[in-house]
Amino acid sequence: MTGTAATWKGDVIALIPALRAFAWSLSHNASDADDLVQDTLIKAWMNRERYEMGTNLRAWLFTILRNTYYTSLTRRRREVRDEDGVFAATLTTPPDQDWRMAVSSLEAALQQLPHEHREALILVGGAGLTYEEAAEICGCALGTIKSRVNRARTRLLKLMDEDEQSVQAEPRPRQALSS
């Protein structure tokens, strides 16, 4: 270790009691204060090359400690103490399986449509194009597109209805009653 590095290390060690006092004044808890000083020393050691020799080491370390404290305070404000999981148990998300099943059924039914009908239905119903725009894209007459969309909707409704009836006919597993 060079002379300046040894001096830096000795100066940092000499400031530990003052850092502890400042940390305690911020946290009002001896354990948290010790943790804060430790975090400060780790950050100072890892960034020692950023410290400019001859400047105020005390101010540099106190700034690191203060910024570390406020960063952890901000983090803790966003966190919820829930060691026993009571709060987590109250958080629920509505099930989305029904929607996923419906989308899967729709995709499967769309794949069963003839290509021309599927294309027309997606252009008009899915993409929101007018019949005229869809007819121009498909290169066919306006009446042809209207007919394809009508047939596709009718067939899609029938396929979706058949799929729904087959799902309802399947026996569902019994769910245990919660006590």
Worksheet, complete the sentence: Within the stretch 148-162, residues under 21 Å from residue 99 (Cβ atoms) and either buried (at least 18 other Cβ atoms within 10 Å of the Cβ) or touching a strand residue (DSSP E or B) at 6+ places or on another chain (Cβ under 8 Å) (or both) come out as 156, 159
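Kindly evaluate residue 118 against the criterion of being charged (D, E, K, R) and touching a residue at least 24 places away in the same chain (Cβ under 8 Å).
Against the criterion (charged (D, E, K, R) and touching a residue at least 24 places away in the same chain (Cβ under 8 Å)), residue 118 qualifies.
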Discussion item. Can you tell me which of (1) of a type outside the set (Lys, Arg); (2) more than 30 Å from residue 159 (Cβ to Cβ); (3) surrounded by 10 or more Cβ atoms within 10 Å (Cβ to Cβ) is the one residue 121 doesn't meet?
Written reply: (2)
Item to complete: State all residues of the stretch 112-147 that are closer than 30 Å to residue 98 by Cβ and assigned to a helix (DSSP H, G or I); if no residue qualifies, say none.
Response: 112, 115, 117, 118, 119, 120, 121, 122, 123, 124, 125, 126
Item to complete: Go through the stretch 95-111 and give me each residue that's loosely packed, with under 12 Cβ neighbours inside 10 Å, over 22 Å from residue 124 (Cα atoms) and either modelled with pLDDT of 80 or more or not hydrophobic (A, V, I, L, M, F, W, C) (or both).
Response: 95, 96, 97, 98, 100
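Residues are listed down the side, and each one gets a yes or a no for (1) within 13 Å of residue 16 (Cα to Cα); (2) modelled with pLDDT under 95; (3) among the β-branched types (Val, Ile, Thr):
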{"position": "28", "(1), (2), (3)": "no, yes, no"}
{"position": "32", "(1), (2), (3)": "no, yes, no"}
{"position": "51", "(1), (2), (3)": "no, yes, no"}
{"position": "55", "(1), (2), (3)": "no, yes, yes"}
{"position": "58", "(1), (2), (3)": "yes, yes, no"}
{"position": "70", "(1), (2), (3)": "no, yes, no"}
Worksheet item: Mind checking which residues of the stretch 18-53 are closer than 14 Å to residue 70 by Cα, surrounded by 15 or more Cβ atoms within 10 Å (Cβ to Cβ) and either out of contact with any Ser or Thr (no Cβ under 8 Å at 6 or more places or on another chain) or among the polar types (S, T, N, Q) (or both)?
Response: 22, 24, 26, 27, 32, 35, 37, 40
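The values are calculated or read from the model by the stated rules, or taken from the named source; none is laboratory data. None of these values were measured; they are calculated from a predicted model. All Cβ positions, even for glycine, are placed from backbone atoms using ideal geometry, and neighbour counts span all protein chains on display.
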